[in-house]
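Heads up: the structure comes next, in structure tokens.
Read-outs throughout are calculated quantities, based only on the coordinates presented, and are distinct from any laboratory measurement. Keep in mind the model is a prediction, meaning the values are calculated, not measured. Here Cβ is always computed from backbone atoms with ideal geometry, including for glycine, and neighbour counts include all displayed protein chains.
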Amino acid sequence: MDGHFAQSKLIWSPPRPSYTSLEVFRREVNRKHGLNLKDFHELHKYSVENYEFWMDVWEFIGIISSVPPNKIVEEGRIKELPTWFPGARLNYAENLLHRSDDGGACIAARESGAVQHYTYRQLREMVRKLAAAMRANGVTKGDRVAAIVTNSIDAVVIALATASIGAIFSSTAPDMGTQGILDRYQQIKPKVIFSESEVAWTGKTFDMVPKVSEVAKALATHGLQGVILLPSVASVKELSAAQLGKIPKSVTMSAFLATGDNGPLVFEQLPFNHPLYILYSSGTTGPPKCIIHTAGGVLLQTKKELRLSLGLNTDDTYFQFTTTGWMMWPYMLQGLACGARIVLFDGSPFYPDVRDFLRFLSRESVSVFGTSPRFLSEVQGQGIEPSKLASFAALRVISSTGSVLTPPMFEWTQQAFNPNVHLLSVSGGTDICGGFVGGVASSPVYAGEIQGKLLGMKVEIFDSDGKNIEDTGAPGELVCTRPHPSLPLGFWGDDSGERVRKAYFTTYPGVWHQGDFIVKNPKTQGLMILGRSDGVLNPSGVRFGSAEIYSVLEDFSDAVDDSLCVGQRRPQDKDERVLLFLKLRPDHPFDETLVNRIRAAIRTALSPRHVPAHIFEVDEIPYTVNGKKIEIAVKQIVSGSTLKPSGTVANPESLKLYYKFRDLEDLIHSNAIKAKL
Ligand SMILES: CC(=O)CC(=O)O
């Protein structure tokens with residue numbers, strides 16, 4: 001245990017804990033139920049022992065409904081996935097558009113520097129017009145509306161118009177390849193698709209017509225009735241008739257809008273469990289799983305997190321870096337449910353220069369900044385200290401997710417932006433469109449530690465026999481032993497629930513198994529994700545996570561640009577060995593000195609048994625389109641499998657670099673440097 005938390009260091013304490021919404025909520029729960037819950041830990045215990053907690057949240061965060069709930073939960077069609085608030089009627093979009101005043105709703109920015117502000121009144125009007133056009137074109141409750149769009153005002157309007165009707169929204173980022181898009185949309189069979197016609201990325205423009213044309217042709221036999229093309233991101237021009245002619249059943253957005261009857265915005269009143277989004281699991285090989293999320297589940301879960309963990313309210317400006325293909329996009333959209341301003345950013349934050357991007361955050365007075373360890377490391381690697389570029393006085397919260405934020409990066413981020421910032425790391429997933437563990441606004445932050453289990457989430461740490469080991473300080477599997485409202489409704493096309501059961505409920509029968517390897521600090525109650533559990537490193541029976549190695553490598557950021565650590569066990573091997581791949585910064589040689597320094601640092605920080613058996617240089621590290629390192633596919637490749645990458649791999653060619661490491665013995669004799677234990 002001490003290995004993980006030996007250096008636990010307090011880096012932040014809440015300045016006025018009793019003023020946080022979390023504490024106001026705790027006092028409200030006490031008042032309502034005549035309880036005496038003294039602190040967050042007692043509140044958490046209450047939250048996972050009483051389903052009534054979800055009713056408390058409903059009332060506290062203000063869910064708008066036409067028929068309020070009279071029952072909290074009952075058995076669902078699939079045993080493991082209960083039905084929540086069965087009698088209630090509500091509309092998701094109505095909850096996000098509850099404001100119709102001239103206060104700021106969205107700031108839409110592009111890498112070109114173009115910025116546009118939209119008020120709640122304007123947003124509502126745009127949604128009204130689009131919903132009317134969708135209805136005029138036969139889009140109705142339960143239809144799938146798909147999008148291939150950037151993180152822009154159009155994406156928000158399409159999602160909300162879809163939800164106002166009770167249709168189901170699903171999106172991918174425009175950089176997803178044709179096959180990746182088809183792997184998703186051939187399964188869910190959308191009635192209409194909204195797509196960009198031309199996008200910009202790192203200063204270059206990309207014509208979307210060939211891709212959309214292929215997609216539309218392939219989906220024509222899957223019930224697709226229309227493709228609506230947005231104007232070019234760069235030139236704001238609409239497609240010509242000749243370009244439209246290449247895409248079956250296509251119209252421009254303005255022509256589509258003109259078909260609406262100018263009627264009022266109607267919010268269909270639907271059950272809490274009505275499907276809202278289809279999100280996709282990031283399988284790097286097989287077809288993606290189409291995860292159906294409910295309107296009420298996403299609304300309640302995510303608004304709970306934003307209001308209580310991040311303290312988001314109407315004074316806030318919330319920026320979450322995300323594409324429309326990641327679950328953080330619907331998460332971010334919920335900023336509107338809190339009455340905040342949300343910032344939509346399309347493009348690369350590093351183009352033309354990340355300094356411009358950081359100044360933009362400062363200029364727009366971003367108060368809650370959602371980012372990833374990869375972004376933070378890159379800024380650090382470029383030697384930039386954000387607070388020297390601009391003022392981050394308005395910044396209250398930095399929320400990091402997507403991968404593990406290591407202790408050194410916690411410390412750097414806290415100091416480099418604003419030492420008063422509440423820096424939190426959140427971990428959950430697409431599977432629940434929310435977090436299991438994350439920020440606790442009223443508690444201190446220790447470097448490298450996720451502050452706690454989120455309210456209502458009965459997270460436990462199991463060993464392989466299903467025994468709870470969290471208070472021993474030993475790492476184990478993250479499980480959730482009680483249902484919560486943002487469990488998915490199921491997978492699209494899996495009516496019996498067999499696939500959903502296999503994905504989450506078989507490792508420990510009947511218990512949600514997330515597939516993350518996690519450890520708890522019994523002293524602080526803080527948590528640390530050590531990696532994906534199928535990527536756990538297991539040489540000679542010592543089990544540890546790749547995040548532990550990445551953490552040590554933070555001290556080498558002047559030389560090491562990126563890294564990947566996986567286990568290798570080929571059919572001929574008796575035991576697993578750990579391989580560490582390094583991508584070096586330009587002009588940094590891969591030599592024995594560097595390798596020996598890394599070996600020594602891992603030995604000192606962790607133990608001699610954590611030292612990788614071999615360290616190699618590679619040109620590229622594979623990532624998913626959502627910015628996650630691809631460990632499992634590389635582990636399989638170096639262990640002898642041959643894989644066909646799915647559309648989820650952002651740089652599929654990079655996987656080819658790893659096949660040669662199966663023939664390890666040859667390589668060691670040629671260009672690799674062997675680490676000695
Ligand atoms: C909240 C999250 O868990 C985000 C992610 O890593 O996909």
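Determine ³J(HN,Hα), in whole Hz, for all residues of the stretch 433-438 in sequence, where each value follows from phi through the Karplus function 6.51 cos²θ - 1.76 cosθ + 1.60 and θ = phi - 60°; x replaces Gly and Pro.
3J(HN,Hα) across the stretch 433-438, in whole Hz: 6, x, x, 8, 10, x.
So what are the three principal axis dimensions of the stretch 67-194 from its Cα atoms, in whole Å, longest to shortest?
The principal-axis extents, from largest down, are 51, 42, 29 Å.
Cross-link list LYS458/LYS523; LYS458/LYS628; LYS129/LYS249; LYS129/LYS629: which exceed 30 angstrom alpha carbon to alpha carbon?
Going by Cα-Cα distance, LYS129/LYS629 fall outside the 30 Å limit.
If neighbour count is taken as other Cβ atoms inside 10 Å, put TYR19, TYR504 in order from fewest to most.
With the sparsest Cβ surroundings first, the list reads TYR19, TYR504.
Give the separation of the Cα centroids, the stretch 163-177 to the stretch 414-472, in Å.
Their Cα centres are 29 Å away from one another.
5 Å is the cut-off here: which amide hydrogens, built 1.01 Å from N in the peptide plane, fall below it relative to MET208, excluding neighbours closer than 5 in sequence?
HN-HN under 5 Å from MET208: GLU198, VAL199.
Under 5 Å between amide H atoms, partner at least 5 residues away or on a different chain: which partners does PHE616 have, H built in plane at 1.01 Å?
It is LEU580, PHE581, LEU582, by chain and number.
So for the stretch 536-674, Kirkwood radius off the Cα pairs, Stokes-Einstein at 4 °C and 1.567 mPa s: how many µm² s⁻¹?
85 µm²/s
Determine the gain in length on full extension of the stretch ALA600-LYS583; use 0.36 nm per residue of separation and subtract their C-alpha separation, reporting nm with one decimal.
Result: 4.2 nm gained on full extension.
Considering Cα pairs under 8 angstrom that are at least six residues apart, work out the relative contact order of the stretch 536-674 and quote it in whole percent. Intermediate values should be presented prior to the final figure.
On the way: 206 pairs, mean separation 31.5, N = 139.
Averaging sequence separation for qualifying contacts and normalising by length gives 23 percent for the stretch 536-674.
Add -39500 (n - 2.57) for each DSSP H run of 4 or more in the chain, then divide by its residues: what number comes out at 222 nm, to the nearest 500 deg cm²/dmol?
Rounded to the nearest 500, it is -8000 deg cm²/dmol.
For the stretch 406-526, what is one quarter of the convex hull surface built on the Cα atoms, given in nm²?
8.5 nm²
What whole number of Å gives the distance from the Cα centroid of the stretch 222-292 to the Cα centroid of the stretch 333-376?
Using only Cα atoms, the two centres lie 25 Å from each other.
With both partners inside the chain, how many of the DSSP beta bridges are antiparallel, as a percent to the nearest 5?
Of all bridge pairs located within the chain, approximately 60 percent are antiparallel.
Taking a cut-off of 33 Å, what percent of all Cα-Cα pairs in the chain are separated by more than that? Don't skip to the answer; put the middle values down first.
Details: 107843 of 228826 pairs.
Roughly 47 percent, rounded to a whole number.
Listing ARG184, ARG569 from the residue with the fewest other Cβ atoms within 10 Å to the one with the most, what is the order?
ARG569, ARG184
Once amide H atoms are built 1.01 Å from N in the peptide plane, which residues 5 or more positions from ILE168, or in another chain, come under 5 Å H to H?
Residues meeting the amide H criterion: GLY142, ASP143, ARG144, VAL145.
Please order ILE529, ILE188 by the number of other Cβ within 10 Å, starting at the fewest.
With the fewest neighbours first, ILE529, ILE188 line up as ILE188, ILE529.
Rounded to whole Hz and in sequence order, give me ³J(HN,Hα) for the stretch 39-50 from the Karplus expression 6.51 cos²θ - 1.76 cosθ + 1.60, θ = phi - 60°, writing x for Gly and Pro.
Going residue by residue, I get 8, 4, 5, 5, 5, 4, 4, 4, 5, 9, 10, 10 Hz, with x marking Gly and Pro.
Counting only C-alpha contacts under 8 Å and six or more residues apart, can you give the relative contact order of the stretch 36-153 as a whole percent?
The normalised contact order for the stretch 36-153 reaches 14 percent.
If contacts are Cα pairs under 8 angstrom and at least 6 residues apart, what is the relative contact order of the chain in percent?
In percent, rounded to a whole number, it is 13.
Work out from phi, with θ = phi - 60° and the Karplus expression 6.51 cos²θ - 1.76 cosθ + 1.60, the ³J(HN,Hα) of each residue of the stretch 98-115, listed in order in whole Hz, and give x for Gly and Pro.
Along the stretch 98-115, the couplings run 5, 8, 9, 9, 8, x, x, 10, 9, 10, 9, 10, 10, 4, 5, x, 5, 9 Hz.
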